[in-house]
Each structure stands twice: as structure tokens, then as C-alpha cells.
Amino acid sequence: MSSPSLSNYSIYIRLDEQTVHNYFNQHDPAPLYKRQLDHEFEQYINNYLLTSKRDAVIKYQVVCMDYADKRFVSPVMQAIRNHFELKKNLKEEEFRKFKKRTFRLLAASLFIVLSFQGIFPYVAEWLDERMSGALHNVLDVFSWVILWKPIDRLIFYWNPFKKDIHLLHRLSTAEVTVLEKTKIIGKDKQKAS
């Protein structure tokens, strides 16, 4: 049996004095390491990783145009990590609220179903056998209908939350590789751009 190959995703970030501010919100006056990411840059990352698998390795490849541009690597990466860590915390809180709402809905649905099932024998005493059977069938269908949504949400809707949380965690902890423009990369011995 062959082992599954891990796919690598490299997010390329070009840093120099002219382009470093393009990755951030232009209206944010905070220091570089605390600034908000630009929406287009965040979309670039999200679109690039849209088809990534859960076991894929994510790396940031920072291309510095000059040796002096390496001073931007730490603050830019700190801002990116902080951004995705904050988004992960927000997604975890949203997931907690989702679970809480869904379990409350399930508890309320079970209470309603059990109440009707408990009341049914007393009501069935006053009805003839045919009406009692019909009412019992209606009650069974009602029970399935009222329990369907909470069970469906518990089984199927939690997976996108977990996938997003895992992706955001990987983005906030991804490895960083710093490349210089003059450094030779790849088999073709091309310069980084």
C-alpha cells in the first residue's frame, strides 16, 4: 500500500520598501506588526488554499528584494499570524455558539416529542381504535419532523466549522522561508521574483 503524498502550498509574499504596505489596510494607522490585512491579500490566500486538503503543508515564502528588506519579515509575519489567530478564535466562538444552539434545539425538540408521547395514552383512551391508530401515526411523523433539523445539524453542519478552524490554525502557525532575489531557487536555477 502506498503512503499518501502530502501536498505543499507555498504562499509567496514579496517584500520591499515600496510593496510592504500593499498587504495591509491603507487606512490603518497602527504599527506594521499590528495592522489589519488588506482584503485582497486575504482573498489571495483564501482562494489559493480553497482546494487544500487537511493534511497539506502550508508555507510562507517571503521574497526580499534586498538584504535591507529582511527587516520587514518579522513585523509582516507577526501581523499575518495575529490576523489568522484572531480569525481562528472568532470561528471557535462561532462554533461554540452553534453547538450550544443546536443542543438547545435538540433538547427542546425532545421535550416536545416526549411530552406528546406521554400525553398520547391518556388521549387515546377516549378515542376508538381506528382514530387512536391514526393519531399515533400522526404523532410518529410529527416526532420525526421535529427531530430532523437538530439531528441533521449535529451530524452534518459541524464539519465546515472544524475545517475552517483547522485551516486558520495552519495559517497562523505556518513555516516561514525567507528568500533573497539573488538566491537561486528550483531546478531551473531561476532568480526569485
- [ ] Quick one: pull the percent of accessible area on segment 103-172 belonging to carbon and sulfur, 1.4 Å probe, ligands and nucleic acids left out.
- [x] 72
Open item on the list: If I take every Cα pair under 8 Å that is 6 or more residues apart in the chain, average their sequence separation and divide by the length, what percent do I get for the relative contact order?
Closed with: 31
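Would you rank TRP144, TRP126 by solvent-accessible area, highest first, keeping every protein chain in place and using a 1.4 Å probe?
Listed by decreasing accessible area, they come as TRP126, TRP144.
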Open item on the list: At 1.4 Å probe size, what's the solvent-accessible area of ARG96? Round to the nearest 10 Å².
Closed with: 120
- [ ] Would you mind telling me which residue in ILE13, ILE151, ILE119 has the biggest mean-square fluctuation in a Gaussian network model of the chain, where springs connect alpha carbons within a distance under 10 angstrom?
- [x] ILE119
- [ ] Would you work out what percent of the accessible area of segment 1-92, with all protein chains in place, is carbon or sulfur (probe 1.4 Å)?
- [x] 51
Task: Pairs from LYS59/LYS87; LYS34/LYS181; LYS99/LYS149; LYS53/LYS97 whose Cα-Cα separation, in the structure shown, is over 22 Å - done: LYS34/LYS181; LYS53/LYS97
Task: Residue with peak Gaussian network fluctuation, the chain [Cα springs, cutoff 10 Å], from ASP16, ASP55, ASP140 - done: ASP140
- [ ] Taking only protein heavy atoms into account and a 1.4 Å probe, give the accessible area per residue of the chain in Å².
- [x] 69
Open item on the list: Can you give me the long-range amide H partners of ASP38? Hydrogens built in the peptide plane at 1.01 Å from N, cutoff under 5 Å, separation of 5 or more residues or another chain.
Closed with: PHE24, ASN25
Task: Exposure ranking of HIS166, HIS21 by accessible area [1.4 Å probe, largest first] - done: HIS21, HIS166
Open item on the list: Translational diffusion coefficient of the chain at 20 °C, 1.002 mPa s, Stokes-Einstein with Kirkwood Rh over Cα pairs, in µm²/s as a whole number.
Closed with: 101
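The values are calculated or read from the model by the stated rules, or taken from the named source; none is laboratory data. Every value quoted in this text rests on a predicted model; they were computed, and no experiment measured them. Remember, those area values only see protein heavy atoms, side chains included, never the ligands or the DNA or RNA. Shrake-Rupley method; radii C 1.70, N 1.55, O 1.52, S 1.80 Å.
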